[in-house]
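Here is the structure we will look at, set down as structure tokens.
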């Protein structure tokens, strides 16, 4: 980097080409507040088309070019910067010097004589620029392909190595300033162990002039042609193993580029070259700045989306209370959020006893996902719970009143739900047998695992979803269950795992339940989730299992 003073006469080379010097000034929003005729001629545009217009509107062909990266770098650099390069839109070589003055950016341009004759396309320069643009396009595409913040930073680190560095580290911060995601890559697979050893065990931000901290605080790139021991020593924490890992990494130079999104610095990219590779030149730094400009919004979106889903999951879990454990029933519940972070929110379960001693079980799924679905689920669950406890009604009556409440209160939510009431009429007292009475609002049918190992799918006539404003009457279904029988209620995440259709998924679930046999509810829930869902559920999964206990006559 070179310092460039603002007066034109002091710009490098200005005295010799005063008549050809072109000057443009941009404000903080990249509006061309001042453009001379020489600039317009050099860039092949009319001066009136440029003055007072945003640069990306006045010069759309500039986007993504190396000159574009130079301007972005100049905006963030603390000192003046210079560049000589080939500018394909004008088919010419340009000498450029830029310096920031407050919010304004002053740029001096003049036509240069490069390896190709003035005005002729240089194949080598054109190929290099094409390769660079292809790299930047790859960055844009790769960074927009995921909403997982950890995957985002890992992808970015792998993209810049070895193109821009021998090894790299990408760190993104949370609201409290602590790292929430960190990605790293090394060009030599054998060096990854040392990189992990150093980064995992270093003392973060120990040096007062730590370049990562400086880049975070200033929002400007930091380039170190050599890495002073005074910066590294505090990070080693006096540990010989960390020192040995750092020495084996053989770091020679470093460039730290901030990741900025929504006017704030959300993280940094640290690019490190070994002692056998030259330090980053101005154009490599400019390219790194452009990479950061493209990657930061995608990483920020992933970070915000992850935060939103954490809120949804926290809200959802806060509403999923532990079930009661009546003396004659054993109840187990499970809830798993979607691992893909795209389908969190909406599934719920509930279990409570009514005043007459009957046990009410609820399973449901609000249409939609994320915070909105979790909030809607909380409303539907609360309404249903209050209505069900208020009166000792049959499940169909409860669903009918819930429908009326959703319509009258203008909740505007659709949901599947199944209410099941386990009761023991006087005629069955002491026999160990009970009645299961249930009504379904478009929800999947429950399973009944008999004590002898038979599995029965408790299907009933299909009925409309909650909130559909249908006038069609709801009805109950009834079945008798015996001592040792197990009931299983679930949401569609359990049967549709692996892109499986509902019918096929239900058959798979029935087979798994039959194979497991009459195991305790807790084991049944865990075994089914392990066999069918594993550790990466594609959708929310809610499961309720109820074992009917034996009774003395």
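How many residues are assigned by TED's automatic domain parsing to the domain that holds residue 22, modelled with pLDDT of 80 or more and in contact with a strand residue (DSSP E or B) (Cβ under 8 Å, 6 or more places away or on another chain) if we restrict to the range 101-150?
Total meeting the criteria: 8.
For the range 383-410, which residues satisfy the criterion of being over 21 Å from residue 437 (Cβ atoms), touching a residue at least 40 places away in the same chain (Cβ under 8 Å) and surrounded by fewer than 19 Cβ atoms within 10 Å (Cβ to Cβ)?
407
Residues in the range 335-349: is at least one at pLDDT below 85, closer than 23 Å to residue 530 by Cβ, surrounded by fewer than 17 Cβ atoms within 10 Å (Cβ to Cβ) and in contact with a strand residue (DSSP E or B) (Cβ under 8 Å, 6 or more places away or on another chain)?
No, the conditions are met nowhere in the range 335-349.
If only one of 168, 185, 181 is under 22 Å from residue 280 (Cα atoms) and in contact (Cβ under 8 Å) with a residue 40 or more places away in the chain, which one is it?
After applying the criteria, what remains is 168.
Are any residues in the range 69-105 within 16 Å of residue 132 (Cβ to Cβ) and not in a strand (DSSP E or B), and if so, which ones?
69, 70, 71, 72, 73, 88, 89 - these are the residues of the range 69-105 that are within 16 Å of residue 132 (Cβ to Cβ) and not in a strand (DSSP E or B).
Identify, from the list 293, 262, the residue that is in the same structural domain as residue 160 (by TED's automatic domain parsing) and farther than 18 Å from residue 77 by Cα.
262
The values are calculated or read from the model by the stated rules, or taken from the named source; none is laboratory data. Every value quoted in this text rests on a predicted model; they were computed, and no experiment measured them. All Cβ positions, even for glycine, are placed from backbone atoms using ideal geometry, and neighbour counts span all protein chains on display.
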